[in-house]
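The values are calculated or read from the model by the stated rules, or taken from the named source; none is laboratory data. None of these values were measured; they are calculated from a predicted model. FYI the Cβ positions are ideal-geometry reconstructions off the backbone, even for glycines, and counts take in every protein chain you see.
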Amino acid sequence: MEIREIQGYLYFFFILFLTFVLYGYIVHLYRSEKKGERDYEKYGKMALDDELTSPPVEPLDVNEDAKDKRSGK
């Protein structure tokens, strides 16, 4: 077995691995949006509405910020 043949097999398995990772990520995005955990369309609109006066994509939770400051995070 020559080095070129080994490189070919490694390249094939690497592409296969990246394909599985990509589809896994797509399924993760779909499921989290379906459950209502995140709305990724809002994040897609950030590129179109990027003024300094634009409202934030997600509201800031003041209670979580206070907990983070107290715990030193």
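Some observations on this one:
- Of all residues in region 2-53, those that are at negative phi, at pLDDT below 90 and part of a loop (DSSP other than H, G, I, E, B) total 11.
- Residue ID - farthest from the chain's Cα centre (by Cα), chosen from residues in region 6-63 that are of a type in the set (Lys, Arg) and surrounded by 10 or more Cβ atoms within 10 Å (Cβ to Cβ): Lys45
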